[in-house]
Every structure is written in structure tokens, then in C-alpha cells.
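To start, the structure under review is shown below, and the notes come after it.
The values are calculated or read from the model by the stated rules, or taken from the named source; none is laboratory data. Quick caveat, the model's predicted, so the values are computed rather than measured. No Cβ is skipped: glycine too gets one built from the backbone with ideal geometry, and neighbour counts run over all protein chains shown. With ligands, DNA and RNA removed, areas are computed over all heavy atoms of the protein, side chains included. Shrake-Rupley method; radii C 1.70, N 1.55, O 1.52, S 1.80 Å.
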Amino acid sequence: MSSNPIPADAVVPTPERWASISRHVLNSYAEANSAVLAAMGLRSPGESTATEPAVPEVSYGHADWTTERSSDSLAELSVGDSVRFTKSVDEADVAAFAQVSGDTNRLHLESAFAEDTRFGGPIAHGTLVSGAISAALARFPGLTVYLSQDLEFQGPVEIGSTITADCEIVEELGGGRYRLRTTVDSEGERVVDGEAVVLIEDEPE
């Protein structure tokens, strides 16, 4: 068993410096965890609830989210039926997505870095924005299962913007399968265009 000696000119942190580094790492993990919980509509253990209402363990709705759909009946779904889902994209969403997906591109997370890019500031992840399509599809009556999705990203989404996903049935493929036109707009501008194929079936009782 052997070990490599520490070079004589190496800079070894003092105990105080190690303590500072450790605090920074722990605080970073705590902040990332809080961002993930906030994006899910939950709170960190021990966080004060004095001025906030109780939040269910799993939330399917949020005060910031709005949904419109043309039909409430799975049996009556047909070409032309659609769902529209709207929400804002804030820093907590971006931080949570980076943590969960592992996509820590500095363009999304560091203002100073992003200001020197073509976008002039941080933007939301493209796949985070296109996730609003999945949210809209989930709001069709019945149980929706994704089969495929084609996407074309047409513009950036600034953090703090409101996005709206529209999903419209354009073809019935049989067997509960549908082809849909899927788009996302940000502040009235088209940012994502695409097409999806989904299976929509009865929900389990």
C-alpha cells in the first residue's frame, strides 16, 4: 500500500477554510432541494406554515396554472377537440429542472454568463418549456399515454414569462390513438411547434 506525498509548495486549506467550504456545499444542496420542493408546490421540512395554507403531498393544480378544454367526455373526443394549458416559468422551475434532469447549462442558471450570449440573459430549458405540452395532454379526459413527439424550437423563453401549450386533435388513428398538433407560445409569440401521437383510454376505477 502506498500514498502520494503532498508537494511542499501545495496550498492546504486551514481547518477554518475547510469549514467554510463545507458550509457552502451544504447550503448549495439545501437551496437546490428547496427549489425542487417549491417547484412541486411543496415545502422543506420545518419550514414555517404560519402564513401559508397547507399544501397537499401531491398537487395536481396550482394557482398560477389555467386549463381550457373543448370536451369533458372521452367517448366524444374527435378531430378538432383541444386542450390549452398556461403557466409561468420562474427561477424555481428552472432550478428544479436543472437539478432533476442534470442539465446545468450555464445559459439557464448564471445571469452574468447568459448576458454575454446571443440571448442577453438567462432563458428556460427548451425541454422544460416543451413539458407544458405534456401537461396539456394530461388534461384530456381519460388517461393519456405519450407515444411520440416531434418538436421544433422557434424562439427562447425568458425566465418569468408565461407560456401556453395548445394541443389539438388532427386525426383519429384508431384504437384510442390520436395525432395532435402541439404548440407552445410565450407572451403571444410561438416558441415551440410540433406534432404528437398519444393513446387516450379510460382511467382505472
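Those residues that are of a type in the set (Ser, Thr, Tyr) and over 16 Å from Ala165 (Cα atoms), I need them from region 177-205; list them, please.
So the first thing to find is which residues in region 177-205 are of a type in the set (Ser, Thr, Tyr), and the list is 178, 182-183, 186.
Result: Tyr178, single match.
Starting from region 99-116, take each residue that is of a type in the set (Asp, Glu) and list its partners that are outside any helix (DSSP H, G or I) and at pLDDT 95 or above, counting only C-beta distances under 7 angstrom and pairs at least six apart or across chains.
Asp103/His125; Glu115/Gly121
Return yes or no: is Thr127 free of Cβ contacts under 8 Å to residues at least 40 places away in the same chain, surrounded by fewer than 20 Cβ atoms within 10 Å (Cβ to Cβ), under 30 Å from Ser71 (Cα atoms) and of a type in the set (Val, Ile, Thr)? Break it down stepwise before answering.
Working: free of Cβ contacts under 8 Å to residues at least 40 places away in the same chain: yes; surrounded by fewer than 20 Cβ atoms within 10 Å (Cβ to Cβ): yes; under 30 Å from Ser71 (Cα atoms): yes; of a type in the set (Val, Ile, Thr): yes.
For Thr127, the condition - free of Cβ contacts under 8 Å to residues at least 40 places away in the same chain, surrounded by fewer than 20 Cβ atoms within 10 Å (Cβ to Cβ), under 30 Å from Ser71 (Cα atoms) and of a type in the set (Val, Ile, Thr) - is met.
Is it the case, given these coordinates, that Gly142 is farther than 30 Å from Leu74 by Cβ, among the small types (Gly, Ala, Ser) and surrounded by fewer than 19 Cβ atoms within 10 Å (Cβ to Cβ)?
Details: farther than 30 Å from Leu74 by Cβ: no; among the small types (Gly, Ala, Ser): yes; surrounded by fewer than 19 Cβ atoms within 10 Å (Cβ to Cβ): yes.
It is false that Gly142 is farther than 30 Å from Leu74 by Cβ, among the small types (Gly, Ala, Ser) and surrounded by fewer than 19 Cβ atoms within 10 Å (Cβ to Cβ).
If you check Ser88, Ser101, which single one turns out to be of a type outside the set (Val, Ile, Thr) and open to solvent by less than 30 Å² (accessible area, probe 1.4 Å)? Spell out the reasoning first.
Values: Ser101 fails: open to solvent by less than 30 Å² (accessible area, probe 1.4 Å).
One residue alone meets the criteria, Ser88.
With open to solvent by 40 Å² or more (accessible area, probe 1.4 Å), at pLDDT 95 or above and under 19 Å from Thr86 (Cβ atoms) as the only criterion, which of Glu110, Glu152, Glu195, Glu158 stands out?
Numbers: Glu110 fails: under 19 Å from Thr86 (Cβ atoms); Glu152 fails: under 19 Å from Thr86 (Cβ atoms); Glu195 fails: under 19 Å from Thr86 (Cβ atoms).
Exactly one of Glu110, Glu152, Glu195, Glu158 is open to solvent by 40 Å² or more (accessible area, probe 1.4 Å), at pLDDT 95 or above and under 19 Å from Thr86 (Cβ atoms), namely Glu158.
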